[in-house]
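Everything on this sheet refers to the single structure shown next.
The values are calculated or read from the model by the stated rules, or taken from the named source; none is laboratory data. The structure displayed is predicted, hence computed values, not measured ones. Cβ sites come from the backbone with ideal geometry, for glycine too, and all protein chains shown count toward neighbours. These accessible areas exclude ligands, DNA and RNA; they are computed on the full protein's heavy atoms, side chains included. Shrake-Rupley method; radii C 1.70, N 1.55, O 1.52, S 1.80 Å.
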Amino acid sequence: MNAAFRWLHQLTPFLFLLVPNAALGQDAPLRWGGDKAGGAPFIYEEPGKGDVGFEAELAAFLGKKLNRPPKFVQCDWDAIPDTLQRGNIDIALNGLEFLAEREAEFPSTIPYFVYTLRLIVNANDEAIRTWEDLKKPREKKLRVGVLRGSFAQRYMEDNFGKDIMVIPTKEVDETFQLVEERERMDATVQDSPAASYYVQGGLRPKLKVVGPPAHTGFYVILTNPKDVELRKQLNEALSQATASGELEKIYKKYGLWDTDQERLAYHQIRPWPKTAEEKPDETKEAPKEHLTIAGLADKIALAAWMTVKLACCAMPLAILLGMLVAVGRMYGPWPLKVVLTAYVEVLRGTPILLQMYVWFFLIPSLMRIIGGDELASWFTAAPFYVGIFGLAINYSAAEAENYRAGLQAIPKGQMEAALALGMSPMTAVRRIMLPQAFRIVIPPVTNDFIALFKDTSICSMILITELTGLYYQYKYDRELVLQLALTIGLIYLFISYPLSVLASRLEKRLSRGAHA
Amino acid sequence: MITVTELRKKRGANTVIDGISLTIRKGEVAAIVGPSGGGKSTLIRCLNALEPFQGGRIDVDGVSLQAEGTAKIPKATLLALRRKVGMVFQQFNLFPHMTALENVMSGPRFSIGVSRAEAEKIARPLLERVGLAQKADSKPDQLSGGQQQRVAIARALAVSPSVILFDEPTSALDPQMAAEVMAVILDLAKEGQTMVVVTHSTEFTKRAHVVHTLERGRLVSSVSN
């Protein structure tokens, strides 16, 4: 008993971390959630300056007014509201749009920024000049990137969903990279701050903004329903910042002050939150249909099919590669053994998520630096193929280890008998060793297949809409999210459970065979 | 046929073979006897280059094997040598994923490279010769030890080796099965097949042309019957 608790004693200095900050009194920090990955001009780091961005400065201002030191908490952008609900942050402040349906769960403050949606294309693109150009019939649908879970995603799906392929992406930065490359994305729709800062501000010279701004909306700060007092304080501080010109000063620093922002004061004195009927003219839209699981059935089926395709294409490749690697490690000359051991260890020792990013974003960029667009075009395969490649490479390391163990389990006499018959070592491996190893490794390989089946979810990070990706895209719908998570979870389970039953049966059968 | 000159082999610090010289003539049936650990198995495993050695040389039908670290034999020569020197193991070492027939066909098919049909033409009569024609489609785990060893002999014969090495072919078998296998080996001897047999069977040593006795890595006697 004593021994069991001794380690706990050593942890006591850290226990204060568990005490909710709010309990510490008046000067409790104002924990504000955002995502630095969203980048400039919202919140980002600059060497020597720390956190900068118009929202970072706004947070600093609010902290001063509320007499609470601001404390930034890094969240995943599309999970900022969830983080707020969990209680890890006090306010959500990071380009979050006002959405009437979100009000009940996350009451908003008055707006602090008026944004529009901007259409951004490659600077060399002459085919897309206006929003209407997106609707022109084409041989291949245009691929338009939007931030996953953003209002832009919904806007594009509702208004252009039939004519274009809406591709939800995780980061603004990677979306810009893809439009610059042109091979994998034709255009992107982003909120005006990103468009004016990066594209019109000249930081992304290979891109241009086309067409007029579409849809005017508001950035608001989200809070928890119970924090009535906090909301009041924030609203007062925001009105003050607008009236005193403090906001204008901050926004001008980032080139964001425009005629839209000049109307902020007008919007702020209107009753808030706006109800659907009371929306200002600019935001009037056709009443939206309510999303349901049944309504998403087609998309869920497609996503499930994509998950199955990814797994079923990647696994045979992984097995083939793994088999070759194992043979090389077992029977190859020593330099090959060294190289293959490094291959296996690097792939096993690094996360598959990171590997996937490397294949999809880093390698093409690197190739562009080395050999220009010509070389890069060889490495910008469609997301589906990169997904299969990334999964196959990662799992080839596990399969190589399976096969190595399998080959080592074969009695030594088998190889000797083959060699004594005059077979070349390669023939002996191919005809005698591998067929036997193949049987030995069936159970672990089946288990790996189940793991790979679930790891296909990684592909949601590289623009592939498989089951998990679909979940990310629709989890903004607070009424649907639970059903959606359950449905998708069950689909995974329904496919992986029979496989795991099969694996344990095979294991039993093969171990019986070994004793016979 | 086979000439062994001053063969020396170490395994770690142990000297396993300590300067053995002997000759095996064409058509000769040689028995190698002696206490366990005397180097009998190691000696014949050197003869088909399954084991390297540190001193001396071995000449088999015009191909010569040198001590480890000296002249390297080309791969093609090594494969040719092994086709000339068949081997039958104590533990049979049949390929478990193949039927008896496929086991016998494996040498012709994968070492010599003849077609499936050709290989079958070679294999079926050999299975008949060892008395197992009706077991052609059985997998090794469906055969008794004696049957497995007879398939192994047929498998060795299928590449028409000049000499067959037997490494204690009956030690893992009960007396009745051992007798079956011994009958096949004696039958081969009658037909003039050159053979080197490591054995404890006195019945066999009586019928061998020459009996070499190994003790502690040395050849202590060679007696002709």
Q | Leading residue by the ranking (most open to solvent (accessible area, probe 1.4 Å)) among those in the range A:195-244 that are in contact with a Gly (Cβ under 8 Å, 6 or more places away or on another chain) and in contact (Cβ under 8 Å) with a residue 60 or more places away in the chain | A | A:Y197
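May I ask you to verify whether B:R155 is of a type in the set (K, R), in contact with a Ser or Thr (Cβ under 8 Å, 6 or more places away or on another chain) and within 14 Å of chain A (Cβ to nearest Cβ)? First the steps, then the outcome.
Working: of a type in the set (K, R): yes; in contact with a Ser or Thr (Cβ under 8 Å, 6 or more places away or on another chain): yes; within 14 Å of chain A (Cβ to nearest Cβ): yes.
For B:R155, the condition - of a type in the set (K, R), in contact with a Ser or Thr (Cβ under 8 Å, 6 or more places away or on another chain) and within 14 Å of chain A (Cβ to nearest Cβ) - is met.
Do any strands (runs of 3 or more DSSP E) lying entirely in the range B:48-96 carry at least 2 residues that are more than 8 Å from chain A (Cβ to nearest Cβ) and over 17 Å from B:M195 (Cβ atoms), and which ones are they? Full working, then the answer.
Values: elements: B:55-60, B:63-66, B:85-88.
By residue number, B:55-60, B:63-66.
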Q | Considering residues of the range A:172-181 that are at pLDDT 90 or above and open to solvent by 30 Å² or more (accessible area, probe 1.4 Å) only, the residue farthest from A:E374 (Cα to Cα) | A | A:Q177
Q | Test result for A:I319, closer than 17 Å to A:C459 by Cα, open to solvent by 20 Å² or more (accessible area, probe 1.4 Å) and touching a helix residue (DSSP H, G or I) at 6+ places or on another chain (Cβ under 6 Å) | A | no
Q) Would you pick out the residues in the range A:126-171 that are in contact (Cβ under 8 Å) with a residue 40 or more places away in the chain, assigned to a loop (DSSP other than H, G, I, E, B) and surrounded by fewer than 17 Cβ atoms within 10 Å (Cβ to Cβ)? A) A:R129, A:T130
**Q.** Filter result for the condition that a residue is open to solvent by 30 Å² or more (accessible area, probe 1.4 Å), modelled with pLDDT under 95 and not in a loop (DSSP other than H, G, I, E, B), over A:M426, A:M461, A:M415
**A.** A:M426
Q. So B:A158 clears everything in (1) open to solvent by 40 Å² or more (accessible area, probe 1.4 Å); (2) within 21 Å of B:R45 (Cβ to Cβ); (3) of a type outside the set (S, T, Y) except one condition, right? Which one?
A. (1)
Q. Only one of (1) more than 13 Å from A:P111 (Cα to Cα); (2) modelled with pLDDT of 95 or more; (3) hydroxyl-bearing (S, T, Y) is not met by A:Y219, so which one is it?
A. (1)
Q: Consider only pairs whose beta carbons are under 7 Å apart and that are at least six residues apart or on different chains; among these, list those whose first residue lies in the range A:45-60 and is free of Cβ contacts under 8 Å to residues at least 60 places away in the same chain and whose second residue is in a helix (DSSP H, G or I).
A: A:E45/A:K36
Q. Can you name every residue in the range B:170-225 that is of a type in the set (S, T, N, Q), open to solvent by less than 80 Å² (accessible area, probe 1.4 Å) and without any contact (Cβ under 8 Å) to a residue 24 or more places away in the chain?
A. B:S221
Q: Output the residues belonging to the range A:344-371 that are open to solvent by 40 Å² or more (accessible area, probe 1.4 Å) and of a type in the set (A, V, I, L, M, F, W, C).
A: A:V346, A:L353, A:L354, A:V358, A:W359, A:L362, A:L366, A:I369, A:I370
Q. Among the residues of the range B:117-152, which ones are within 14 Å of chain A (Cβ to nearest Cβ), without any contact (Cβ under 8 Å) to a residue 40 or more places away in the chain and under 18 Å from the mean Cα position of the chain (by Cα)?
A. B:L126
Q. Does the range A:381-396 hold any residues that are farther than 18 Å from A:V339 by Cβ and buried (at least 23 other Cβ atoms within 10 Å of the Cβ), and which are they?
A. A:V386, A:G387, A:I388, A:G390, A:L391, A:Y395
Q: Could you tell me whether A:P69 is within 26 Å of the chain's Cα centre (by Cα) and either at pLDDT 95 or above or surrounded by fewer than 19 Cβ atoms within 10 Å (Cβ to Cβ) (or both)?
A: no
Q. Only one of (1) modelled with pLDDT of 95 or more; (2) farther than 18 Å from A:Y331 by Cα; (3) facing chain B (nearest Cβ under 9 Å) is not met by A:F453, so which one is it?
A. (3)
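Would you mention how many residues in the range A:397-412 are of a type in the set (K, R) and either within 10 Å of chain B (Cβ to nearest Cβ) or open to solvent by less than 30 Å² (accessible area, probe 1.4 Å) (or both)?
Of all residues in the range A:397-412, those of a type in the set (K, R) come to A:404, A:412.
With the extra rule that they be either within 10 Å of chain B (Cβ to nearest Cβ) or open to solvent by less than 30 Å² (accessible area, probe 1.4 Å) (or both), the set shrinks to A:412.
Residues flagged as of a type in the set (K, R) and either within 10 Å of chain B (Cβ to nearest Cβ) or open to solvent by less than 30 Å² (accessible area, probe 1.4 Å) (or both) within the range A:397-412 amount to 1.
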Q) Between a first residue in the range B:53-69 that is closer than 14 Å to B:E6 by Cα and a second residue that is among the hydroxyl-bearing types (S, T, Y), which pairs have beta carbons less than 6 Å apart while being 6 or more apart in sequence or on different chains? A) B:G56/B:T5; B:R57/B:T5; B:R57/B:S64; B:D59/B:T3
**Q.** Tally, over the range A:423-434, of residues that are closer than 20 Å to B:Q148 by Cα and at the interface with chain B (Cβ under 7 Å from one of its Cβ atoms)
**A.** 2
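Tally the residues that are farther than 25 Å from A:K475 by Cα and in contact with a strand residue (DSSP E or B) (Cβ under 9 Å, 6 or more places away or on another chain), restricting the search to the range A:42-56. Lay out the reasoning, then the answer.
Narrowing the range A:42-56 to residues farther than 25 Å from A:K475 by Cα: A:44-54, A:56.
Okay, now just the ones that are also in contact with a strand residue (DSSP E or B) (Cβ under 9 Å, 6 or more places away or on another chain), so A:44-46, A:51-54, A:56.
Total satisfying the criteria: 8.
Kindly establish whether A:Y395 is more than 12 Å from A:R184 (Cβ to Cβ), within 16 Å of the chain's Cα centre (by Cα) and among the hydroxyl-bearing types (S, T, Y).
Numbers: more than 12 Å from A:R184 (Cβ to Cβ): yes; within 16 Å of the chain's Cα centre (by Cα): no; among the hydroxyl-bearing types (S, T, Y): yes.
Here the answer is no, as A:Y395 does not meet what is asked.
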Q) Any residue at all in the range A:494-513 that is in a loop (DSSP other than H, G, I, E, B) and either modelled with pLDDT under 95 or charged (D, E, K, R) (or both)? A) no
Q: Have a look at B:L165, B:L186, B:L219 and point out the one that is among the aliphatic types (A, V, I, L, M), more than 18 Å from B:L43 (Cβ to Cβ) and not in a loop (DSSP other than H, G, I, E, B).
A: B:L186
Q) Could you say which residue among A:V445, A:V501 is without any contact (Cβ under 8 Å) to a residue 40 or more places away in the chain, of a type outside the set (F, W, Y) and away from chain B (no Cβ under 14 Å)? A) A:V501
Q.
Can you go through A:L467, A:L434 and tell me which one is closer than 30 Å to B:P74 by Cα and open to solvent by less than 40 Å² (accessible area, probe 1.4 Å)?
A. A:L434
Q: Being assigned to a helix (DSSP H, G or I), open to solvent by less than 30 Å² (accessible area, probe 1.4 Å) and of a type outside the set (A, V, I, L, M, F, W, C) is the filter; apply it to the range B:106-139 and report the residue that is farthest from B:A179 (Cα to Cα).
A: B:S111
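Looking at A:F361, A:F384, which is the one that is in a helix (DSSP H, G or I) and closer than 20 Å to A:L347 by Cα?
Values: A:F384 fails: closer than 20 Å to A:L347 by Cα.
None of the other options fit; the residue is A:F361.
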